[in-house]
Amino acid sequence: SRYYGLKTPIDSLKGQRNIREIGKKLISKVSNPGDFNQAMMEYGALVCSPFPDCESCIFSSKCVAYMNKEVDAIPVKSKKKKPKERFLNYIVFIDSKHKTIVNKRTNKDIWYKLNEFPLIESKTEIKNINTLTDFKKLIDNSSLTIIKEKEIFRVKHILSHQILYISFYQISVKETITSGVHLSNLNNYNFPVPITNFINKLLI
């Protein structure tokens, strides 16, 4: 990359294709490709390394990066995108018979087809669930009467491309939850890891 002054990120498909094409042309000119590859690897480890010894390099007079004073900028790697932050608020309804509501995730998003408690996703971290309009709508649509409400658990869960800030709210309700799942049966359902940890730690 330095010798030819390649600016295409080496971890991109185009960058890797460019390097392969150059490598094929160089190998086609030598009688022993194996020795050539070994020499290239050793040279990269000893001279043209992440901290290159350009003064000792026998190719520096023709090295594009060296001549343009771009040795520290090449090879180029793709800039990693900042992980997306999401704020997930799970509403854990519990009635007098120790039953709760369990839903299945159907959107093609994280945790597709896994189970979860009723979810309200917010744009920021919430200190009081009652301030969310979606929470009020959820209560109205469920026709349940709240006896007691409290936040009982928060956790930060890191995925490869997302950071999840998860809050769990336990909502005790007066009415019996129709088609509810008993807390003792929650382990029969497939939940994402952070929800499973919450269940095992605080509900069962």
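The values are calculated or read from the model by the stated rules, or taken from the named source; none is laboratory data. Just so it is clear, the model here is predicted, and its values are computed rather than measured. Cβ sites come from the backbone with ideal geometry, for glycine too, and all protein chains shown count toward neighbours.
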Can we say ASN37 is farther than 20 Å from GLY5 by Cβ, assigned by TED's automatic domain parsing to the domain that holds TYR4 and surrounded by 11 or more Cβ atoms within 10 Å (Cβ to Cβ)? yes
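Residue-wise test of (1) over 25 Å from the mean Cα position of the chain (by Cα); (2) crowded, with 16+ Cβ neighbours inside 10 Å; (3) in a loop (DSSP other than H, G, I, E, B).
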site	(1), (2), (3)
TYR66	yes, yes, no
ILE74	yes, yes, yes
LYS80	no, no, yes
ASN89	no, yes, no
LYS97	yes, no, yes
LYS113	no, no, yes
GLU121	no, no, no
Restricting to the stretch 154-173, give me the number of residues that are buried (at least 17 other Cβ atoms within 10 Å of the Cβ) and over 14 Å from the mean Cα position of the chain (by Cα). 7
Across the stretch 133-143, the tally of residues that are surrounded by 10 or more Cβ atoms within 10 Å (Cβ to Cβ) and at pLDDT 90 or above stands at 6
From the list PHE168, PHE153, pick out the single residue that is in a strand (DSSP E or B) and in contact (Cβ under 8 Å) with a residue 60 or more places away in the chain. PHE168
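Give me the residue from the stretch 99-111 that is among the charged types (D, E, K, R) and part of a loop (DSSP other than H, G, I, E, B) and, out of that set, farthest from LYS156 (Cα to Cα).
Here the residue is LYS108.
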In the stretch 92-134, how many are under 19 Å from PRO194 (Cα atoms) and touching an Asp or Glu at 6+ places or on another chain (Cβ under 7 Å)? 3
So is LYS156 over 22 Å from ILE139 (Cα atoms), of a type in the set (Lys, Arg) and modelled with pLDDT of 95 or more or not? yes
